[in-house]
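Remarks on the structure that follows.
The values are calculated or read from the model by the stated rules, or taken from the named source; none is laboratory data. Owing to the predicted nature of the structure, the values given are computational and were not obtained by experimental measurement. Reconstructed Cβ throughout: ideal geometry from the backbone, glycine too, with neighbour counts over all protein chains shown. Please note that ligands, DNA and RNA were not included when accessible areas were found on the heavy atoms of the full protein model with its side chains. Shrake-Rupley method; radii C 1.70, N 1.55, O 1.52, S 1.80 Å.
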Amino acid sequence: MTGLAQPARAQGLAPTPTMRGGANNYLPDAPIVERIGGGGFWMTGTVRRAGDGAPLSGQRIQIWAHTTEGHERDAHSHGATLTDTNGVFRLEMPQIVPAFGQPHGHLAYDSGEFETVFLRPIMPNASDTSLEAHFVLQPA
């Protein structure tokens with residue numbers, strides 16, 4: 001009867017694997033910022049725990065990209081934000097522009113409580129003004 005009293009959860013949610021090229025131009029310890037540069041573009045997403053899918057609040061997500069204001073290797077093109085109580089993050093930044101023929105962003109979870117994950121999502125269209133990425137993290 002014990003199993004019947006527990007809330008239903010998404011059991012077996014697999015962790016997000018690191019994407020090839022995701023760590024390119026990564027700079028450890030980017031500061032938490034309100035916005036990167038002049039803004040106009042939104043990077044959004046969620047962070048959940050592997051297994052049960054619980055949202056993870058207070059998790060640091062670093063974001064960087066090649067934008068209208070700088071290259072992805074430039075320190076001023078990097079910033080970090082924290083997830084809210086629902087595991088949601090969003091950070092405004094300058095418009096992403098194609099680098100090596102693809103408009104893409106870079107995101108990292110690198111705080112240590114969970115395994116480090118680097119993502120490199122590609123935008124469907126270079127004129128899009130937002131990009132979404134989702135993390136499912138495995139405890140370290």
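Here are some notes:
- Label zone of residue 82 (point 7 Å out along Cα→Cβ, amide N under 17 Å): in region 111-137 this covers 111-114.
- DSSP beta bridges in the chain [antiparallel fraction, %, rounded to 5]: 70 percent
- Relative contact order (percent, whole number), the chain, Cα cutoff 8 Å, 6+ residue spacing: 31 percent
- For region 61-78, putting each phi into the Karplus relation 6.51 cos²θ - 1.76 cosθ + 1.60 with θ = phi - 60° gives couplings of 10, 8, 10, 7, 6, 7, 10, 5, 10, x, 7, 5, 7, 6, 4, 6, 8, 10 Hz, in residue order, rounded to whole numbers and with x for Gly and Pro.
- With a 1.4 Å probe rolled over the protein heavy atoms of all chains, the accessible area of 106, 134, 66 falls in the order 134, 66, 106, largest first.
- Accessible surface, per residue, of region 1-128 when the full set of protein chains is kept, probe 1.4 Å, Å²: 53 Å²
- The modelled label-to-label distance for the pair residue 132/residue 52, using points 7 Å beyond Cα in the direction of Cβ, is 2.5 nm.
- Region 44-119: relative contact order as a whole-number percent, Cα under 8 Å and 6+ apart: 32 percent
- When peptides 110-120, 18-28 are ranked by their average number of other Cβ atoms within 10 Å per residue, the highest-first order is 110-120, 18-28.
- When the inverse distances between all different Cα atoms of the chain are averaged and flipped, the Kirkwood radius reads 15.5 angstrom.
- Residue 140 paired with residue 90, simple spin-label distance in nm, labels 7 Å along Cα-to-beta-carbon: 2.9 nm
- Within the accessible area of the chain, the carbon and sulfur atoms contribute 52%, probe 1.4 Å, all protein chains present.
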